[in-house]
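**Student:** Handing you this structure, nothing more for now.
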There are 2 protein chains.
Amino acid sequence: MRKEVKDNETKTKIINAARKLFSEKGFDGVSMEDIAQASGVRKSLIYYYFPSKEVLFEEIWINVIDELENDIFSEIEGESNITRVIKKLIKKYIEFVMNKSEISKLIARERMNVLDGDNQMGNAKLKYVGLMKKIENVFEKGKQEDVLNDIEPSAATEMISAVDSIHKKSVLKNIEEFLMRVILKEKVEH
Amino acid sequence: MRKEVKDNETKTKIINAARKLFSEKGFDGVSMEDIAQASGVRKSLIYYYFPSKEVLFEEIWINVIDELENDIFSEIEGESNITRVIKKLIKKYIEFVMNKSEISKLIARERMNVLDGDNQMGNAKLKYVGLMKKIENVFEKGKQEDVLNDIEPSAATEMISAVDSIHKKSVLKNIEEFLMRVILKEKVEH
DNA sequence: GTAAAATTTGACCGAACGGTCAGTAAAATT
DNA sequence: AATTTTACTGACCGTTCGGTCAAATTTTAC
């Protein structure tokens, strides 16, 4: 029992330090020595737990996309009314960007590399594309039930996903209303 | 006369090669040797023309933000009808992202570093912030003339600027209509 | 308590990085 | 034509990079 906790502790320290640094400076802007110092361990210890920088990054990426996915879909899971589902999805995505800026910055920074890069990080790409597909499926359902306001599900998905690039976080609540108003046929009340 | 052309030619080759590479891999992901090889010159010759990697990047950044600004504002310059101004602004921004993907990818990749980084690249930040302010002023004018649809000028500006992060370019025309429809009170005709 | 397993460390590696500088060739100036 | 200036080169620099590995230390299993 005590060993279990200790094992996770070092690996977790490394992951958390790396996540913060990747979020601040991007994958290429952070060295393994930077991560080691921020974790309070030696660089070679990182290689004990992770075979390479890429594998460390990929694990972090998959964790953060998981976290985003869980934040959104755990909220909309029991809901059957598609309009309400879409509202909750938009709301949760914006809240995520507002409240978990470390993660949303990491996604904003590294999305392009993950999507356009070589096949080295194929699992990272699959994870991200999988989540986007899942979100798009919600909009497809909205389209089928005729609650969408003449926007393609893929366009709605891309608009949502671009929100993490917005620099001025103070406008995010305004943008949330904006998105709901435009995506949904139903008039939005406050 | 002949010298003038030749001077510009080498420097221009370096700038163009660097721009392309920075757009593909980001500032930190590209080495000066990469740029040298892509330019067909020696690395030390880059240092003959530019004192550092940062200065090279800054010049490129300022050029691309200039180009974006010119594309947008040269189109709306003679227009006095604010609704038409806003429509043209949105249209030109989307067209820029669609047609000049090297530049829009560069902006998407490096915006966060430029805005959040240290003061080393203060001119790059000033340039970008200046353009965003200029765009926001257009929306402010729209607000004053009551053609905006209950969206804050700063939120509209941020939505527009996030468009360069959109990965799936095929949806951009749909998003253009989307943005016009929701930003402007007037109903949009095709 | 002891041996084995797991974790951690320090020293090291070759390659890559941003950058420097003396020398040379070409172009421009006198 | 001689001299000066400009453009370019190759070799080099110290530092940093991702990564390796034997040894030391700590933890676990019995």
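The values are calculated or read from the model by the stated rules, or taken from the named source; none is laboratory data. Computed from a prediction, not measured in an experiment: that's the story for all the values here. Here Cβ is always computed from backbone atoms with ideal geometry, including for glycine, and neighbour counts include all displayed protein chains.
**Student:** With the structure loaded, tell me whether A:SER80 is more than 16 Å from DNA strand D (Cβ to nearest atom) and loosely packed, with under 14 Cβ neighbours inside 10 Å or whether it fails that test.
**Tutor:** yes
**Student:** Okay, moving on. Is it the case that some residue within region B:157-177 is farther than 27 Å from B:SER23 by Cβ, within 11 Å of chain A (Cβ to nearest Cβ) and not in a helix (DSSP H, G or I)?
**Tutor:** Within region B:157-177 (the criterion being farther than 27 Å from B:SER23 by Cβ, within 11 Å of chain A (Cβ to nearest Cβ) and not in a helix (DSSP H, G or I)), the answer is no, since none of the residues qualifies.
**Student:** Would you check which residues across region B:106-117 are of a type outside the set (A, V, I, L, M), part of a helix (DSSP H, G or I), buried (at least 17 other Cβ atoms within 10 Å of the Cβ) and free of Cβ contacts under 8 Å to residues at least 60 places away in the same chain and list them?
**Tutor:** B:ARG111 - this is the single residue of region B:106-117 that is of a type outside the set (A, V, I, L, M), part of a helix (DSSP H, G or I), buried (at least 17 other Cβ atoms within 10 Å of the Cβ) and free of Cβ contacts under 8 Å to residues at least 60 places away in the same chain.
**Student:** Also, quick follow-up: Name the pairs: first residue in region A:45-61 and away from chain B (no Cβ under 14 Å) and touching a residue at least 40 places away in the same chain (Cβ under 8 Å), second residue within 6 Å of DNA strand D (Cβ to nearest atom) and of a type in the set (Gly, Ala, Ser), Cβ to Cβ under 7 Å, at least 6 apart or on different chains?
**Tutor:** Nothing qualifies.
**Student:** Of B:THR83, B:THR12, which residue is hydroxyl-bearing (Ser, Thr, Tyr), in a helix (DSSP H, G or I) and either farther than 25 Å from B:ALA108 by Cβ or in contact (Cβ under 8 Å) with a residue 12 or more places away in the chain (or both)?
**Tutor:** B:THR83
**Student:** Restricting the search to region B:30-49, which residues are within 18 Å of B:GLU9 (Cβ to Cβ) and away from DNA strand D (no atom under 12 Å from the Cβ)?
**Tutor:** B:ILE35, B:ALA38
**Student:** Could you count how many residues in region A:145-156 are touching a residue at least 24 places away in the same chain (Cβ under 8 Å) and facing chain B (nearest Cβ under 8 Å)?
**Tutor:** 1
**Student:** Here is a further query. Which residues, taken from region B:83-102, are away from chain A (no Cβ under 14 Å) and either surrounded by 22 or more Cβ atoms within 10 Å (Cβ to Cβ) or more than 15 Å from B:LEU131 (Cα to Cα) (or both)?
**Tutor:** Within region B:83-102, B:THR83, B:ARG84, B:VAL85, B:ILE86, B:LYS87, B:LYS88, B:LEU89, B:LYS91, B:GLU95, B:ASN99, B:LYS100 qualify.
**Student:** Which residue, of A:ILE46, A:ILE103, A:ILE72, is β-branched (Val, Ile, Thr), part of a helix (DSSP H, G or I) and within 16 Å of DNA strand C (Cβ to nearest atom)?
**Tutor:** Residue meeting the stated conditions: A:ILE46.
**Student:** Would you say A:GLU67 is among the acidic types (Asp, Glu), away from DNA strand C (no atom under 16 Å from the Cβ) and free of Cβ contacts under 8 Å to residues at least 12 places away in the same chain?
**Tutor:** So A:GLU67 fails the test.
Let's see how each residue does on (1) of a type outside the set (Ser, Thr, Tyr); (2) at pLDDT 95 or above:
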| site | (1), (2) |
| --- | --- |
| A:LYS53 | yes, yes |
| A:PHE57 | yes, yes |
| A:ASN70 | yes, yes |
| A:ILE76 | yes, no |
| A:ARG111 | yes, yes |
| A:TYR128 | no, yes |
